[in-house]
1. Angle between the Cα long axis of helix A:435-449 and the longest principal axis of chain A, 0 to 90 degrees, nearest 10?
2. Excluding residue B:126 itself, what net charge comes from residues whose Cβ is under 10 Å from its Cβ, given Lys and Arg +1 and Asp and Glu -1?
3. With a 1.4 Å probe and all protein chains left in place, how much of the accessible area of segment B:28-104 comes from carbon and sulfur atoms, in whole percent?
4. In square nanometres and to one decimal, what's the mean projected area of the convex hull around the Cα atoms of chain B?
5. Order A:226, A:353, B:110 by their accessible area, 1.4 angstrom probe, all chains in place, largest first.
6. Where the centre of each part is set by its Cα atoms, how far does segment B:199-241 sit from segment A:215-275, in angstrom?
7. Once the Cα atoms of helix A:385-394 and of chain A are each reduced to a long axis, what angle between those two axes, in degrees from 0 to 90 to the nearest 10, is obtained?
8. Rank B:4, A:54 by accessible area, highest first, at a 1.4 Å probe radius?
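The values are calculated or read from the model by the stated rules, or taken from the named source; none is laboratory data. All figures in this text were calculated on a predicted structure; none of them were measured in a lab. Here Cβ is always computed from backbone atoms with ideal geometry, including for glycine, and neighbour counts include all displayed protein chains. Note: areas computed on protein heavy atoms with side chains; ligands, DNA, RNA excluded. Shrake-Rupley method; radii C 1.70, N 1.55, O 1.52, S 1.80 Å.
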Amino acid sequence: MAASPLTSIAVLGGGLAGAFAAARLARALPDDIALTLVDVSGADGQDLFFGTVTTPAAYNAMLGLGLGEPEIMPGTDTTFSLGTQYHWAGREWVQAFHQPLPVLAGVQFHQYAARARKPYPDFVMSVAAARRGAFAHPPEGQTTPLAELEYGYHFLPAQWAKLLTDSLPARVERAAGNVASVEAEGETLSAVVLEGGRTIKADLFIDTVGVRDRTDGDWSGGAVVHAQESLSPAQGPTGVVRTLRQKNDGWIATTPLRRGTHSLTLGSDGADGTGLTLGRREQAWVGNVLTFGLNATAASPLTPAPMSLLMRGADSLAELVPFTTEMRVEAREYNRRHRDDFDHALLFERAFHPDAHHPPRLAHKIEQFESRGALVQYDLEPFEAPDWLLLHLGMGRVPAARDVLADRVTDAQLHGQLATMRRAVETVAAKLPPAKVYHDGLLRYLGKRNG
Amino acid sequence: MGITRICILGGGTAGWMTAAALSNKYSSLGFEITLIESDAIGTVGVGEATLPHIRMFNQALGIDEAEFMRATRATFKLGIEFCDWGRLGDRYIHPFGDYGAPVDGIEFHHFWLRLLQNGHTSELDDFSYPVLAAEAGKFRMPGPDVSRIGSNFGYAYQFDSGRYAKFLRGYAESRGVTRMEGRVVEATRDQQSGGIASVTLDDGRSASADLFIDCSGFRGVLIEGELETGYEDWSRWLPCDRAQAVPCEARGPSLPYTRATAREAGWQWRIPLQHRTGNGYVYWSEYISDDDATQQLMSTLEGPATADPKQLYFKTGKRRKLWNRNVVAVGLSGGFLEPLESTSIYLIQEGITALIELFPTSADMERDAAEYNRRMDLGFDRVRDFLLLHYVATQRDDSPMWRYFREMELPDSLSEKIEAWKSRGYVQRYEHGVFLPPSWIAVMAGQGLIPQGRDRRVDARPMADVIQMTDSIAKQSHAAVASTPDHGEFLKRYGAVDPSIMDAAE
Ligand SMILES: Cc1cc2nc3c(=O)[nH]c(=O)nc-3n(C[C@H](O)[C@H](O)[C@H](O)COP(=O)(O)OP(=O)(O)OC[C@H]3O[C@@H](n4cnc5c(N)ncnc54)[C@H](O)[C@@H]3O)c2cc1C
């Protein structure tokens, strides 16, 4: 078949992934590409596996879709998140979002902290705020410690899916129903027929529901997990981090949302929870079908990886929307990014497990950290050096040696400087309002503004 | 026991850069740093065009820019002009800087592609201040606001490498580096670790150390001569294996860029310095004799030669391990990828940076070496693909060398990149390694690979907007160039010109 211009895309959605992809494409693409979003019933059945935490990247991702905090906060249970407090492997730490602390005289900050035998997290603004359950927006363009506060969101996938779907412009044609059958020739899908007879034709299908079978060899991973969630009205003070506790065969996470505390239990034992097979497709994009969302990459919500992967997938898709119906190059490049993103995220997740057989790239990271505090980063990892640093320290990994260049300052200089920094962080944190107070104030303000 | 005694073998660009950087970092900790060099052997004597990264290197040493430029008779460099690469008669400049700036998060060149693909004429160069400034022989420093056209570019230098080494020698010696002159004839090994314990000079003196930096040039006296580390031969992809270099008197105004002209069996460089022009012919000995190469080189000089041509031999590739036991190979001893994009000094710098970050804390250096080698291998790989691109993104088939490249089977990593560009103007991004997307765009577009498609998102704007936006950027870049001084004038005003040259000129 000769290549012709690509003129239509259909998103087989119904949950968060479909809504996100549709919103992204609708914003980005010219009007001569027709977009259809199909609400496939039950497609959101596994959406609880997106977890309840996003990284700070969600701010720009949502803003790019026209959804800033004034749009997101009032209508949903979304709250600000400074990260996750883990009770894990017999240890406790706050895995807070943060930018690297300053490199002084060419030496990374944590090397100085190690020399002074001071806990590195004590110098991280978002950790200090998290410990106090306090929050305020970081001021822009200033150099106070508060400006270093990095935050993501606590959210409910179903609410964000609705928010995104409601914001879709009129150009997105909508359809609903179960998929009854497909019309395909080789790797090319020409149409999806819905129950009730409606036929959806498109040049490219974004498949979040699994129209494309997961044949053997198309899925790497395999562990099946089960999850259950519930929301209970808030009692007592609410915090600014998700709290995640390890249990026998899994974990339970509680997330402070606006109307109450959400809890998510995940484990391998699946009496009456929802099941999901973790892992990823070998090829997310084959022919003219791009599998997307949990249907393509299913990372554990132990970390914010599921949302990060969704956002990255949408970035890759937006950048690689084919020019014509010949889309081999696009698929290959998308698949490369898909594999890298997932595999890098998986390294981070595996690093929570001390005794597992780590893949070589993770073993190398850990070895480098444990031998000398070096942070090895591969290309464009979803989790960056500061995330790795807190995780290593949280897991109790202690470097055997440190950078000798950290010895160039005198003890007095070192302790003076560290004390000043620590004090600055503490002083700012002490002045921050409790997260709930700040959040309520913000909503009141937005309410007034919107009349 | 810590690692406190460092011995650097070699006093070329690599040796003295290493000595300067290490003395800056470690002298105050009481480390002993020794550098051994042999006047009889001398240095390779080439390597005069750099990449913008060298500015960070100099800055970290606290070097004053004008003073350094006076001492090394340096000129500014905005990029490299490539002549006759895509086709005979073609030329383009690969600048140190972006084309335009992203719009709505979409790389600018896609807007340019939309113009082209809709029948408009538009020159990519009009969106690059450094290209236009270079063409006009002009230069000024980038301003602080990088969002402005005329500020989002980088620059490097073209300098006298012998003078640079001397300049850094002064720096290093004043920070306690001990220099020994003589020829290393022997090394002794540590029985336990298998590493090198000491080296002995021809006059019987010896130097022992915990860590050896092999900067001995192509010989690789320690990394290969002693440790037999092995060499990964890349001449299948980068087959040029010889060069001749000759300086000549400069003619015309001093230009802020290097030139690389493709020839039938290799290519020729032209590097303008304050006091002379450096020239060289890099060639594949299979397809041209040394005599013919000399003849071609000498017949194309712009002014009288000021020395005899120097013959150089090399094999492209890299050491199997750049760090082996307690020896780190920095410079030509570690590998060489031919000088087409001025990457050697950059790789020296990367080596030094990585060494400092991974400086060994005990005699067991295996882990430090593992990470060092991983990083450097990636750096070399990425440079290799980019260099090879120049030879294969071409329609030339007018000589056996060009036909060889036509028929070559490319590494997958490169053929995928070329295909993604050709089909939709897509350039892979990565975080580590030199040559960001704008460099790939410069070479691929400059050598005549024009994509068929583009990023679909650029079509979301009305065409009239795109025309207006691109016109306005082109106007801004031309206006910025109009108010830029001549390169020669800027050098003088900046106090960068060696006074003895000023005198001579008057
Ligand atoms: C043709 C050509 C063109 C180039 N152009 C560029 C360019 O434009 N840009 C760029 O960045 N790079 C370029 N390079 C590379 C650049 O020249 C080198 O990377 C740079 O000069 C560093 O060389 P070096 O110090 O490793 O080796 P050398 O300059 O060879 O120095 C080796 C040192 O080791 C000493 N030595 C050797 N053996 C012994 C011994 N047994 N005992 C004691 N001392 C010993 C020598 O005396 C000397 O001091 C080019 C290279 C070539 C071949």
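1. Roughly 50 degrees, rounded to the nearest 10.
2. -2
3. On the way: 1380 of 2870 Å².
Its accessible area is 48 percent carbon and sulfur atoms.
4. Numbers: hull surface 97.5 nm².
Mean projected area of the Cα convex hull: 24.4 nm².
5. On the way: A:226 40, A:353 70, B:110 5 Å².
Largest to smallest exposure gives the sequence A:353, A:226, B:110.
6. Computed from Cα coordinates, the inter-centre distance equals 57 Å.
7. That works out to roughly 60 degrees.
8. Output order, biggest surface exposure first: B:4, A:54.
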